[in-house]
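What follows draws every value from the coordinates through simple rules; no lab data is involved. No experiment lies behind these values; they were computed from the predicted model shown. Backbone-built Cβ (ideal geometry, glycine too); neighbour counts: all protein chains shown.
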Amino acid sequence: MSEHYDDLETRPPERREADLFARLPATLAAALAAPGYAAHLGRIDPHEITDRNALSLLPVLRKSELPALQKAALPFGGFVPGATGGFGRLFTSPGPIFEAEGTGSDPWGAARGLFAAGLRGGDIVLNTFGYHLTPGGFIMDSGARALGCAVIPAGPGNTEQQLEVIDAYRPSAYAGTPDFLKLLVEAVEARGGDVSCLKRAVVSGAAFPPSLQDWVRGRGIDAYQLYATADLGLIAYETRARRGMVLTENLIVEIVRPGTGDPVAEGEVGEIVVTSLDPQRPWIRLALGDLTAILPGTSPCGRSNARIRGWLGRADQTAKIKGMFVRPEQVAEIARRHAEIARLRLVIGRADELDTMTLKAEIYAEPAGFVDAVAATLQQVTKLKGAVEILPLGALPNDGKVIADERPVG
């Protein structure tokens, strides 16, 4: 059985670099046909952007800016060259950010990462990523089916139904957040059931600390992390070597100093910036807001592409909680809906291997039912449940933070 998805994974790094930058000018030319990119990039000659130094002189496009840019020019902010109807599926993620799925059997490129995790044709995959409006479910679904796997489109939640389909179909693999994998396994164990059919897992969208990795491994499940976004699809994936995450093919990835577009030295922690080579949906220096670092050398698994250390935190205050992004703009919206609130801080933590969320509110007054009302607004705006803690005026630090991610890194 081949260890590698295709020959691209083992080609010499210099050949990969030459191929990527030979294709970049055509992608830039396609991007400039879109009014948003024409305004953002200015008067550039695509044929002069043929190496990393030239690319680093182009402005970054921050993902955190996309909600405002798209609102000004619905749906994609003028950053798509062709017609919206030319895509396969159309999505929206919290923000809101509007996303499009390309055409083809594996439009998000997820098959490569699933293959590295050991999935093969004939496997049955329990896919618990969401299928409703957001693209997570379809990213994994299309990748698994491209490999010849059968997919159970379970989506998140509905634990009792999930247990029924596990009993009926006996899936060999799981796709979803690591938190929900733990909840499912615990639910099966609590009722004396058997989850031994699950041999592999691909997890993404939430922290997967060593303690939880050990817990999953102790249940006989071989789990691998994928790094993917709703804009780009697969970016990097874990392999059997367990030495960082290998970058996928067909993307140019830079690590830059946060708040700038300046590349940092190898090994230095910085913000990940990605340029895609899809002329239908080009992304030119998209700054994702995630922190990581390039690992030196190549992977012992034989793949020759660069590796990243994985997710090391956020370069801005946007946080990913249970697979969903929560942004400072959403916290501000909660305050706007309740006149009694003076200041807010959303604190993200971990408890019992699960993400937690507490909204700390300085208030002027506390009318009857206020806490429940704010909690309901928190869920409505972020699509996530969280606790609400009332504080007196002046209790929060005066440091400008509205989202404090206090989860351990690593």
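Ranked for footprinting exposure by Cβ neighbours inside 10 Å, fewest first, L57, L226 give L57, L226. The structure shown yields mean projected area of the Cα convex hull in nm², and of the options (1) 28.7; (2) 25.8; (3) 20.9 that calculated value carries the label (3). Name the lysines eligible as straight-distance cross-link partners of K360: C-alpha to C-alpha under 22 Å, and not fewer than 8 places from it in the same chain. Here the lysines satisfying the reach criterion relative to K360 are K320, K322, K383, K385, K401. This ranking places M245, M357 by how few other beta-carbon atoms lie within 10 Å of each, fewest first, which gives M357, M245. For region 329-373 versus region 34-65, the inter-centroid distance based on Cα atoms is 39 Å. With neighbours defined as other Cβ atoms within 10 Å of a residue's Cβ, the residues E389, E271 order from fewest to most as E389, E271.
When you filter the chymotrypsin sites (Phe, Trp or Tyr not before Pro) in region 304-379 for DSSP loop state and at most 14 other Cβ atoms inside 10 Å of their Cβ, you are left with Y364. If R0 is 41 Å, what FRET efficiency do you get for R52 and K199 from their C-beta distance, rounded to 0.05? Efficiency, rounded to the nearest 0.05: 0.55.
Here the contact order of the chain, divided by its residue count and restricted to Cα pairs under 8 Å and six or more residues apart, works out to 14 percent.
For trypsin sites (Lys or Arg not before Pro), the sites in region 343-410 that DSSP calls loop and that have at most 12 other Cβ atoms within 10 Å are K385.
When the chain is treated as a GNM with alpha-carbon contacts under 10 Å, the residue of A365, A111, A33 showing the greatest mean-square fluctuation is A365. Between A150 and E17, the simple spin-label model (points 7 angstrom out along Cα→Cβ) gives 4.7 nm. By Kyte-Doolittle mean hydropathy of at least -1.0 and Cα axial length of at least 20 Å, which whole DSSP H helices of the chain are selected? Within the chain the helices that satisfy the rule are 13-32. Counting charges near S142 (Lys, Arg +1; Asp, Glu -1) among other residues having Cβ under 13 Å from its Cβ returns a value of 0. Other residues lying with their Cβ under 10 Å from the Cβ of Y227 contribute a combined charge of -2, Lys and Arg counting +1, Asp and Glu -1. Rounded to the nearest 5, the antiparallel percentage of DSSP beta bridges internal to region 321-405 is 60%.
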